[in-house]
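One structure is given below, encoded as structure tokens.
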Amino acid sequence: MTARRLIVEADGGSRGNPGPAGYGALVRDAVTGEVLAEVAESIGLATNNVAEYRGLIAGLAAAAAIDPAARVEVRMDSKLVVEQMAGRWKIKHPDMIPLALQAREVAERLGSVGYQWIPRNRNAHADRLANEAMDAAARGEPWTRKVEEAPGEPEPPPGPPSSTPTTTLLLRHGETPLSAEKRFAGTSDVPLTATGLAQARAAALALKDRGIDAIVTSPLSRCRDTAAEVAATVGLGVRVEDGFRETDFGAWEGLTFGEAGERHPAELREWLRDPDVAPPGGESFTAVSRRVTTALDKLKVRHRQRTVLVVSHVTPIKLLVKHALGAPMAALYRMHLDVASLSAVDWYADGPATLRHFNDVHHLDR
């Protein structure tokens, strides 16, 4: 049986080095990208490096609790911790030696552990957790966060969230020539039709009084043009986020579902059955899920507790809804999303996400 693959993302820091310090870590399923556990803690006064090591230890322990036989890849933006744990740099500081030994002891409980340095902007989720912990440490408060998967046990009913959420308003772009004919439209930069532009303007009017603080869009022109209509109405700029672009449908681009089935029947059947399977020359839903989740984590760090309009496509919006509901990948095939439709999700730092509405097209009837 193939060992389960997990990813640990960890970070830590202090306000002053040394100063009020905290760490944050999370464990992801390497295949689906789903977050399986989060751990974070304020640790009083400490240095950046001590906090980073504490985050690593907590992340490894969370991975071991999920599956002690797992193959784990640790991703951190601390070059020092990564190089020391990989054995390429010597550990000289006396405060680091016992922490490194502790991390290695925890790592020995797992099937295997590798270490990878990543830039800070790719470690946004762990960075957010660490900053929450540092905020608590700066207030002199003990603070911990521990949310872990419990294999084989029913998930307890979620408690009511108490914090102000980060709200994402999810707007699918307006009609294009391909969407009008129900053809696969992935990375092709097809424009809006005249109807699509009118739909974008109707959505902009519906969003005028929704208290939007920021607008984020897929880089494809059908989304950028839709976002531009809203931006002009609400008086905001637009930031492009590549993670919210549509799936690359490869050889099926521009085909109808029936045409794809005629040309690639076996591949289409496998694609519908397995989210790890990509269209010929294209991108799997699992791969799309990873980048969409990363884009969401970056958004929640950048726009914490604010309302953000995300202008995107069918697959990324469905994946965000699936993620909010904790639903399986098969749920993607049970959702219908119209062009220029609006959905909304509240993301709580201290509780579950909440789907507020889905596929709202009332504004198109005006």
Legend entry - Pairwise centroid distance, computed over Cα atoms, of the range 3-82 with the range 107-146, Å: 4
Inset, instruction - Quick one: order V311, V339 by neighbouring beta-carbon count within 10 Å, fewest to most. - result: V339, V311
Legend entry - Between the range 320-345 and the range 165-189, the Cα center-to-center distance that results, in Å: 13
Inset, instruction - Work out the count of Lys pairs in the range 166-365 where the Cα-Cα distance is under 25 Å, with the pair 8 or more places apart or on different chains. - result: 9
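Classify the range 5-148 from the C-alpha gyration tensor, please: rounded if a/c falls under 1.5, else prolate or oblate depending on whether a/b exceeds b/c. Intermediate values should be presented prior to the final figure.
Numbers: a/c = 1.69, a/b = 1.22, b/c = 1.39.
It is oblate, given that a/c is not under 1.5 and a/b is not larger than b/c.
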Inset, instruction - Output the peptides 293-299, 267-273, 31-37, 18-24 sorted from most to least packed, where packing is the average of other Cβ atoms within 10 Å over each peptide's residues. - result: 18-24, 293-299, 31-37, 267-273
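Can you tell me how much longer the chain between T144 and R109 gets when fully stretched, taken as 0.36 nm per residue apart minus their C-alpha distance, in nm with one decimal? Before the final figure, lay out the partial values.
Numbers: separation 35, 0.36 × 35 = 12.60 nm, distance 2.36 nm.
My answer for the length gained is 10.2 nm.
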Inset, instruction - Return the calculated 222 nm mean residue ellipticity for the chain, to the nearest 500 deg cm²/dmol, obtained by summing -39500 (n - 2.57) across DSSP H runs with n ≥ 4 and dividing by the residue count. - result: -11000 deg cm²/dmol
Inset, instruction - Straight distance only, please: which lysines reach the Cα of K92 with their own Cα at less than 20 Å, same-chain residues fewer than 8 apart left out? - result: K79
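Bear in mind that the values in this text are calculations on the coordinates, not laboratory data. None of these values were measured; they are calculated from a predicted model. Cβ: placed from backbone, ideal geometry, glycine included. Neighbour counts: every protein chain shown.
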